[in-house]
1. For region 147-172, enumerate the residues that are of a type outside the set (Phe, Trp, Tyr), at pLDDT 70 or above, within 25 Å of residue 256 (Cα to Cα) and open to solvent by less than 70 Å² (accessible area, probe 1.4 Å).
2. How about region 94-114: which of its residues are assigned to a loop (DSSP other than H, G, I, E, B), over 13 Å from residue 6 (Cβ atoms) and open to solvent by less than 50 Å² (accessible area, probe 1.4 Å)?
3. Of all residues in region 316-336 being among the polar types (S, T, N, Q) and closer than 19 Å to residue 303 by Cα, which is least open to solvent (accessible area, probe 1.4 Å)?
4. What tally of residues in region 173-211 results from selecting those that are part of a loop (DSSP other than H, G, I, E, B), open to solvent by 30 Å² or more (accessible area, probe 1.4 Å) and within 23 Å of residue 269 (Cβ to Cβ)?
5. Considering each of 388, 340 in turn, give the residue that is at pLDDT below 85, closer than 21 Å to residue 306 by Cα and in a helix (DSSP H, G or I).
6. Out of the residues in region 309-333 meeting the condition of being out of contact with any strand residue (DSSP E or B) (no Cβ under 9 Å at 6 or more places or on another chain) and part of a strand (DSSP E or B), tell me which one is nearest to residue 349 (Cα to Cα).
7. Taking residue 168 and the conditions (1) under 30 Å from residue 254 (Cα atoms); (2) outside any helix (DSSP H, G or I); (3) touching a helix residue (DSSP H, G or I) at 6+ places or on another chain (Cβ under 9 Å); (4) not aliphatic (A, V, I, L, M), which numbered condition does it fall short on, given that it satisfies the others?
8. Give just the number: which of (1) modelled with pLDDT of 65 or more; (2) touching a Phe, Trp or Tyr at 6+ places or on another chain (Cβ under 7 Å); (3) open to solvent by 50 Å² or more (accessible area, probe 1.4 Å) does residue 291 not satisfy?
Amino acid sequence: MRVAAYCRVSTEQEEQQNSYQVQIAYYTDLINRKKEWTLAGIFADEGISGTQTKKRTEFNRMIRMCKNKKIDLVITKSISRFARNTVDCLEYVRQLKDLGIGVIFEKENINTLTMTSEFMIALYGSFAQAESESISKNVSWGKEKAYREGRVTFQYKHLLGYRKGADGKPEIVPDEAETVKLIFKMYLDGYTLLNIAQTLTEQNRLTATGKKIWSKGEVQRILKNEKYVGDALLQKTFTVDCITHKVVKNNGERPMYLVTDHHAPIVDRDTFNRVQQELARRSSKRKISDKTKTEQGKYSGKYSLSELMICGHCGTPYRRKTWIKNGEKLAVWRCISRLEHGKKYCPDSPTIKEESLHKAIIHAINNYYSCRNDIARILKANIGTVLECQGQEEILATEKRLKEINNARNDDCVKIFSKYYW
């Protein structure tokens with residue numbers, strides 16, 4: 001009889017590794033000592049959870065060999081080693097039984113070929129699953145406690161710009177930090193996520209995992225990561241089920257903990273906050289004016305004037321369009337409401353040629369440089385006047401409110417005095 005043994009340990013700690021080697025040696029010796037048995041293989045998964053069979057490569061290889069009629073009997077230490085999921089345990093036991101292949105569970109003293117009922121397997125399987133669920137709850141409780149105490153763990157493999165220092169704390173990697181700073185600068189300069197990814201790829205800069213090709217998602221994750229400003233937001237995700245190991249984003253279902261100034265920042269806080277505001281601005285879809293149903297739509301960084309030109313009649317942004325006249329292309333800018341709805345929402349908005357627009361902008365910039373000192377002086381004077389007026393108004397309003405509070409307090413005192421003494 002061709003007999004295979006299945007072994008599994010759930011962690012890679014040293015004591016478990018010893019157990020792993022002991023199991024292999026034990027089953028090799030056990031099968032070789034029985035004359036009626038022939039060793040069909042030792043299948044062992046190391047450091048793998050038993051709640052799912054998806055990532056247990058050796059287990060899956062053993063099942064494939066069983067289906068190919070290369071194994072007659074499977075022996076394992078216990079039901080919990082075979083599977084910690086009741087459904088999986090029964091499913092694979094039934095599959096093997098239909099193939100005429102038995103499974104021996106040594107600890108429970110069960111041979112699936114000789115038993116008449118699956119009740120005991122279901123019972124022991126339920127115990128194994130309950131044990132996994134209990135362990136999962138304890139682990140979750142331990143993590144939650146660590147979060148509350150502000151203990152931060154870093155996944156340096158997926159974090160560009162930092163490495164584990166000699167003291168165990170995060171240490172900045174200068175070359176990688178320059179890439180991070182460049183990403184933040186380019187985004188504030190108006191580059192799109194795709195533009196930044198393409199630029200980094202062209203410059204042969206490496207991602208956190210050492211890849212040469214950058215994606216929009218990797219750039220966005222860096223821009224949103226609070227660790228680059230020296231903070232750490234804990235419990236961004238959580239596991240909803242220990243059996244499926246499904247991890248979901250924490251949208252308020254569980255508490256989150258922010259540890260500020262935890263480590264040395266790569267980006268200053270002002271830059272980081274401005275990037276978050278710009279991310280929100282670009283990703284939001286909002287109406288520009290009550291006079292139109294046109295939404296602003298997705299952010300476009302293809303042209304320098306995108307989202308900067310606003311229709312004076314309806315308040316909707318202008319969009320770049322290309323006309324073809326007599327076989328020649330002509331770039332113009334038009335009101336989005338006028339383009340999408342005609343004159344219904346914007347009856348009178350001009351069409352502006354891009355060439356004329358560029359000339360007007362250059363002319364305005366040249367005029368500014370010729371008298372910028374005078375403009376700066378006027379602006380400072382106007383700002384000072386506005387602030388001074390606002391300051392006086394605030395002082396007067398505060399004084400008036402203090403008088404009201406004082407009068408109300410005096411009235412209350414008189415009423416109390418009258419009540420108890422008169």
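The values are calculated or read from the model by the stated rules, or taken from the named source; none is laboratory data. In this text, all values refer to a predicted model and were calculated from it rather than measured experimentally. For neighbour counting, all protein chains shown are included, and Cβ atoms are generated from backbone atoms with ideal geometry for every residue, glycine included. Side chains are part of the model used for accessible areas, which takes the heavy atoms of the whole protein and leaves out ligands, DNA and RNA. Shrake-Rupley method; radii C 1.70, N 1.55, O 1.52, S 1.80 Å.
1. Hits for region 147-172 are 152, 159, 160, 161, 168, 170.
2. Once the filter is applied, which keeps residues that are assigned to a loop (DSSP other than H, G, I, E, B), over 13 Å from residue 6 (Cβ atoms) and open to solvent by less than 50 Å² (accessible area, probe 1.4 Å), region 94-114 yields 100, 108, 112.
3. In this case the residue turns out to be 316.
4. Residues that pass the stated criteria total 3.
5. Matching residue, one of 388, 340: 340.
6. Among residues in region 309-333 that are out of contact with any strand residue (DSSP E or B) (no Cβ under 9 Å at 6 or more places or on another chain) and part of a strand (DSSP E or B), the one nearest to residue 349 (Cα to Cα) is 325.
7. Condition not satisfied by residue 168: (3).
8. (1)
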